[in-house]
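Trainee: This is the structure, below, for whatever I ask next.
None of the figures in this text is laboratory data; all of them are computed from the coordinates on show. Predicted model only: the values in this text are computed from it and were never measured. Note: ideal-geometry Cβ built from the backbone for every residue, glycine included; neighbour counts use all protein chains shown.
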Amino acid sequence: MAQILDGKKVAQEVRSLLKGRVARLADKGVVPGLSVTLVGEDAASKVYVASKDAAAKEVGMMASTHRLPADISEAELRAHLIAQNNDPSVHGILLQLPLPKHLPEDSLLNLIAADKDVDGFHPVSLGNVMLGRPGFKPCTPWGVQVLLHRAGISLKGKHVVIVGRSNIVGKPLANLLVQKAADADATVTVCHSGTRDLARFTREADVVVAAIGRAEFITGDMVREGAVVVDVGINRVEDASLPKGYRLCGDVHFASVEPKASFITPVPGGVGPMTIAMLLANTVWSAELKAGIDSKHDPFQ
Ligand code: GUN
């Protein structure tokens, strides 16, 4: 029987810490501002964006969500993002992914001012992560790190096997966890679709992080007894017996993995709420920097 890594609870703790920092900013007349842009009608993205907006407001920040049509031209979207860059009330800019196919994700993400890149997707942010320097950390990998650390799970000397090499999760998470730091210091292996005999790696891991984007891909036979299992996936699987017509599940087959694991994240309620909390943390830090407040970027270490 595994202990549940309760992301909802830890995210709430993070938000409580942030409320204090938001109050300190208010004393200086500053309200942290988050600008979220959603292009098109992707159903999952709509839910995420609404959650980000609500969470920002809950901690006393200003949040504005811009819903733009799916057929917007690249030039129009660029102009919109530049306007966010130039708006002094905006401390953080988030462009929700995925974008409609005709829009070039990479060059649009590059356009977001590096000092407002609270999603941590800009090459400057990712470079700082790789170098172990202060900077905006991508929210999901940072959320995984904070969740493990606050649960008292030390990664020092542990073998972390990350399954998935995306720019959003796998690659930055590997870079965060390999740093010499109290909440890192792991030996990291990144597996992916080209890995031969994947289970050979996952079976030898102290910590398995599943970030593949394939429903219930990691099964009980692929993890060792006592492993810590973090499920970054969130997949919609058709289920005609439910009113919504689908159920949500992770990249981990919970029923077969949970009995072997020492700790496991649930889906939903694991990594998802952490992602949002860390987005707010990046935005508050951005506002503090602008306000000249000398704060530690990562008070969660
Ligand atoms: N799409 C899925 N996850 C994310 C995220 O963390 N940020 C953005 N911008 N888009 C996403």
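Trainee: Residues with beta-carbon under 14 Å from that of Val169, excluding Val169: net charge, scoring Lys, Arg +1 and Asp, Glu -1?
Mentor: Around Val169, the charge tally is +1.
Trainee: Can you pull the one-decimal nm distance between simple spin-label points at Arg203 and Val237, each 7 Å off the Cα toward Cβ?
Mentor: 2.3 nm
Trainee: Answer rounded, prolate or oblate for segment 206-301, using the Cα gyration tensor with square roots of eigenvalues a ≥ b ≥ c: rounded when a/c is under 1.5, else prolate when a/b is larger than b/c, else oblate.
Mentor: oblate
Trainee: Given 37 °C and 0.692 mPa s, compute D for segment 1-71 with the Stokes-Einstein relation, Rh being the Kirkwood radius over Cα pairs; round to the nearest whole µm²/s.
Mentor: Stokes-Einstein gives a translational diffusion coefficient of 234 µm²/s.
Trainee: Separate question: Computed on alpha carbon atoms, what radius of gyration and Dmax characterise segment 154-213, expressed in Å?
Mentor: For segment 154-213, the Cα radius of gyration and maximum Cα-Cα distance read 10.9, 32 Å.
Trainee: Something else: Once the Cβ-Cβ distance between Gln3 and Lys156 is put in as r, and R0 is 22 Å, what FRET efficiency do you end up with, to the nearest 0.05?
Mentor: 0.65
Trainee: Calculate one ³J(HN,Hα) per residue across segment 232-240 by plugging θ = phi - 60° into the Karplus curve 6.51 cos²θ - 1.76 cosθ + 1.60, and present them in order as whole Hz with x for glycine and proline.
Mentor: Along segment 232-240, the couplings run 8, x, 9, 10, 9, 10, 4, 8, 5 Hz.
Trainee: Using the Karplus equation 6.51 cos²θ - 1.76 cosθ + 1.60 (θ = phi - 60°), what ³J(HN,Hα) coupling, rounded to whole Hz, does each residue of segment 33-40 give in order, writing x for Gly and Pro?
Mentor: Taking θ as phi minus 60°, the curve returns x, 10, 10, 10, 10, 10, 10, x Hz for segment 33-40.
Trainee: Taking the number of other C-beta atoms within 10 Å as the exposure measure, put Ser193, Ser35, Ser166 in order starting with the fewest.
Mentor: By the 10 Å Cβ count, ascending, the order reads Ser193, Ser166, Ser35.
Trainee: Rounded, prolate or oblate: which fits segment 45-99, taking a ≥ b ≥ c as square roots of the Cα gyration tensor eigenvalues, rounded meaning a/c under 1.5, else prolate when a/b beats b/c?
Mentor: In terms of gyration-tensor shape, oblate.
Trainee: How compact is segment 75-221 by the rule of thumb for globular proteins, expressed as Cα Rg over 2.2 N^0.38 Å?
Mentor: In units of the globular-protein estimate, segment 75-221 measures up at 1.17.
Trainee: What are the residues whose amide H is under 5 Å from the amide H of Ala63, where those residues sit 5 or more places off or on another chain and H is modelled from the backbone?
Mentor: Hits under the 5 Å cutoff: Leu34.
Trainee: Write down the radius of gyration of the chain and its Dmax, each obtained from C-alpha positions, in Å.
Mentor: 19.0, 56
Trainee: Still on this model: Taking 7 Å along the Cα-to-C-beta vector as the label spot, tell me the Ser256-His80 distance in nanometres, rounded to one decimal.
Mentor: Between Ser256 and His80, the simple spin-label model gives 4.3 nm.
Trainee: State the extension gain, in nm to one decimal, for the chain segment bounded by Arg224 and Ser45, taking 0.36 nm per residue of separation less the distance between their alpha-carbons.
Mentor: 61.0 nm
Trainee: Using a Gaussian network for the chain with springs between C-alpha atoms less than 10 Å apart, which of these wobbles most: Pro138, Pro273, Pro243?
Mentor: Maximum among the listed residues: Pro243.
Trainee: Can you give me the three principal axis dimensions of segment 1-144 from its C-alpha atoms, in Å, biggest first?
Mentor: Projected onto its principal axes, the Cα set of segment 1-144 covers 47, 45, 33 Å.
Trainee: Follow-up. Would you mind ranking Met1, Met278, Met130, Met222 by Cβ crowding within 10 Å, fewest neighbours first?
Mentor: Ascending number of Cβ neighbours within 10 Å: Met1, Met130, Met222, Met278.
Trainee: If each residue's Cβ is checked for other Cβ atoms within 10 Å, how do Cys191, Cys139 rank with the fewest at the top?
Mentor: Cys191, Cys139
Trainee: Another one. With r defined as the distance between the Cβ atoms of Thr187 and Leu248 and R0 fixed at 35 Å, what FRET efficiency is calculated, to the nearest 0.05?
Mentor: Once rounded, the FRET efficiency stands at 0.65.
Trainee: Please check the chain for the longest run free of GluC sites (Glu not before Pro) that are loop-located per DSSP (anything but H, G, I, E, B) and have at most 16 other Cβ atoms within 10 Å.
Mentor: 42-203
Trainee: Per-residue HN-Hα couplings for segment 170-179, Karplus 6.51 cos²θ - 1.76 cosθ + 1.60 at θ = phi - 60°, whole Hz, x for Gly and Pro?
Mentor: Residue by residue, segment 170-179 yields x, 5, x, 5, 4, 5, 5, 7, 8, 5 Hz.
Trainee: How long is the gain from Asn167 to Arg196 if the chain were fully straight, where each residue apart is worth 0.36 nm and the alpha carbon distance is subtracted?
Mentor: Once the chain is fully extended between Asn167 and Arg196, it gains 8.3 nm.
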